[in-house]
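I have placed the structure first, in the form of C-alpha cells, so that the comments after it can refer back to it.
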Amino acid sequence: MIRVCFHGAESTGKSTLIAKLEREHGWPSVPEYGRTWAEAHGTDFTMDDLLAMARGQDAAMLAAAADRPPLLLLDTDPLMTAAWAQMLFGEVPAELFAYDKAELYLLFAPDTAWIEDGTRFFGSGAERSRFAALCEDMLRRAGVPYRRIGGSWSERERCALEAIRETIAP
C-alpha cells in the first residue's frame, strides 16, 4: 500500500483536491481529523488537544489502511500537527515525529486565495508564509520524500496526479 499525504498551510486546496481525486479515480482517502475536532470542540487549542488530534488522525489512517488499498490519500497526518504545534506553541513534542510516515508528501503552496471557514487561523500573507515554511521544515526534519504543489487549481491537480502516478508506477 502506498500512502500519499496532502500537507501544507491552510486554504491551499488539499481537502478539495483529495475529494475530487477520490470521486474521479476511486482512490480512498482519510479526512482531516483536526477539522472534525475543531468543529466539535472549538479552536482554542492546547498542546494536549493537538496530541489528541494526532492520535485521532493516526487511528483513522490505521482503520482505512486495514483493507490494504493499493493507494490511500491522507488529508494530513501527525507531521502537519507538528507544524501546528510549532506555529501555535513554539515547540514540537517528539511524539508527533514517532508515527508512521507516508510514502510521499505533497506540499501545497499558499499561493491561493484565503477562504475563512471558521476553523482557520493564519490568513495574512506573512502568517501564511511562516506557516508554509514550518510545514516544509517538518517534512525536512522527518526526512520524508515530498513534492511541491502550487499554481492554479488545474496546475495543482495536474502536478498532484503526476506525482501520485509516478509513485504508484511499478
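No lab work stands behind these numbers, since they all come straight from the coordinates. In this text, all values refer to a predicted model and were calculated from it rather than measured experimentally. Every residue, glycine as well, gets a Cβ built from its backbone with ideal geometry; the counts of neighbours run over all protein chains shown.
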*Order of C159, C5 from fewest to most other C-beta atoms within 10 Å?*
C159, C5
*asked:* Suppose the chain between E24 and T46 were pulled fully straight at 0.36 nm per residue; how much longer would it get relative to their current alpha carbon spacing?
replied: 4.2 nm
_Residues D111, D77 arranged by fewest to most Cβ contacts within 10 Å_ = D111, D77
*Determine ³J(HN,Hα), in whole Hz, for all residues of the range 38-48 in sequence, where each value follows from phi through the Karplus function 6.51 cos²θ - 1.76 cosθ + 1.60 and θ = phi - 60°; x replaces Gly and Pro.*
4, 5, 8, 10, x, 10, 8, 6, 10, 4, 4
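What relative contact order, as a whole-number percentage, does the range 2-168 give when Cα pairs under 8 Å and 6 or more residues apart are counted? Intermediate values should be presented prior to the final figure.
Working: 245 pairs, mean separation 56.1, N = 167.
Relative contact order of the range 2-168: 34 percent.
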*In whole Hz, what ³J(HN,Hα) sequence does the range 13-27 give by Karplus (6.51, -1.76, 1.60; θ = phi - 60°), x for Gly and Pro?*
x, 4, 5, 4, 5, 4, 4, 5, 5, 5, 5, 7, 10, x, 7
*Report the charge-dipole magnitude of the range 2-168 in Debye, nearest 20, computed about the Cα centre from +1 at each Lys and Arg Cβ and -1 at each Asp and Glu Cβ.*
480
*Can you put T76, T112 in order, fewest other beta carbons within 10 Å first?*
T112, T76
